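The values are calculated or read from the model by the stated rules, or taken from the named source; none is laboratory data. None of these values were measured; they are calculated from a predicted model. Reconstructed Cβ throughout: ideal geometry from the backbone, glycine too, with neighbour counts over all protein chains shown. The accessibility values were calculated without ligands, DNA or RNA, using every heavy atom of the protein model including side chains. Shrake-Rupley method; radii C 1.70, N 1.55, O 1.52, S 1.80 Å.
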Amino acid sequence: MTNASKFRCIGFLPFVLFGSNVVAEPPMQTPAENMHAPSPIAPTPVIAPLALAPAGLVRINRVEPTIAVDLRYATTRNFTFRALYPPDMPALARPSVARRLAAAQTFLRQRGYGLKIWDAYRPKAAQEELWRLLPNNKYVANPADGVGSLHTWGVAIDATLVDSEGREMEMPTDFDAFTPAAMMHYKGGDPVVRAHLFILQKAMGRAGFYGFSKEWWHFVSRDWKQYQTVPEIQFATPLQPLPTETPLPGQTPTSSAATEDAAPAKAKDPSR
């Protein structure tokens with residue numbers, strides 16, 4: 001797929017530069033309520049341990065060891081209440097993305113903060129499972145639409161802010177909060193949350209990331225157009241699909257794919 005065809009497939013790019021079209025200056029942004037409590041049951045992950053790291057990706061914490069990693073899809077603390085990754089799944093990204101994260105981390109550490117990665121490269125099989133569990137473009141990108149999730153390209157990062165001891169700072173919402181409070185532009189009145197989100201966005205903006213209007217934690221590398229989805233890789237053991245016993249957020253018996261109203265209302269989100 002050429003860069004031009006990628007743009008035609010995506011339509012309007014649903015990411016925004018921080019500040020007045022300047023990557024280095026993020027606006028102030030969103031409030032808060034924690035999402036759901038984690039499930040007490042940890043089912044078998046849908047993604048088996050990787051036999052080898054996919055070609056073209058690097059481990060983020062080998063590029064910058066001080067970046068904390070807590071992949072939420074390796075736990076039950078996500079909207080599916082299921083572990084989709086194995087517990088030892090590494091946080092992987094394109095080398096250029098990992099270098100940008102290292103630059104953001106340097107900026108934050110100089111100010112007593114740091115990054116924690118909630119999601120990075122996402123195997124296509126995991127994206128397919130997310131879509132199977134919740135086939136609604138308002139929440140999950142369709143892996144078969146020609147673009148899918150930019151996480152499967154290795155160019156999207158979900159991250160939050162931690163202090164110098166690695167403790168998560170108060171932010172607008174928890175991960176995977178499908179509520180207005182998760183919007184990038186902060187509408188709440190808590191000055192602490194506002195300050196935390198501002199410093200995170202400023203660090204990521206300076207390092208060359210775009211933000212996504214509906215998820216304050218979601219960032220995409222500015223050079224994403226240079227890449228495509230990571231080719232299919234071999235897993236150590238076969239993948240085991242998870243059952244769907246209960247409806248998930250936004251899911252109904254007649255649920256169908258919907259057009260995502262990212263950034264301007266007509267835009268589609270190819271990145272989730």
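So the values come out like this:
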{"read-out": "Asn61-Thr179 FRET efficiency (beta carbon distance; Förster radius 25 Å; 0.05 resolution)", "value": "0.25"}
{"read-out": "Heavy atoms of Asp145 accessible to a 1.4 Å probe, total area in Å² rounded to 10", "value": "40"}
{"read-out": "Selected from Gly166, Ala104, Ala144, residue furthest toward positive end of dipole (the stretch 64-193; charges at beta carbon)", "value": "Ala144"}
{"read-out": "Distance violations [Cα-Cα > 22 Å] among Lys187/Lys225; Lys116/Lys214; Lys124/Lys225; Lys116/Lys202", "value": "Lys187/Lys225"}
{"read-out": "Qualifying trypsin sites (Lys or Arg not before Pro) for the stretch 84-189 [loop in DSSP, other Cβ within 10 Å: at most 14]", "value": "Arg111, Arg167, Lys187"}
{"read-out": "The stretch 54-201 shape via C-alpha gyration tensor axes, a/c threshold 1.5", "value": "oblate"}
{"read-out": "Global form of the stretch 111-151, assessed from the alpha-carbon gyration tensor, a/c cut-off 1.5", "value": "prolate"}
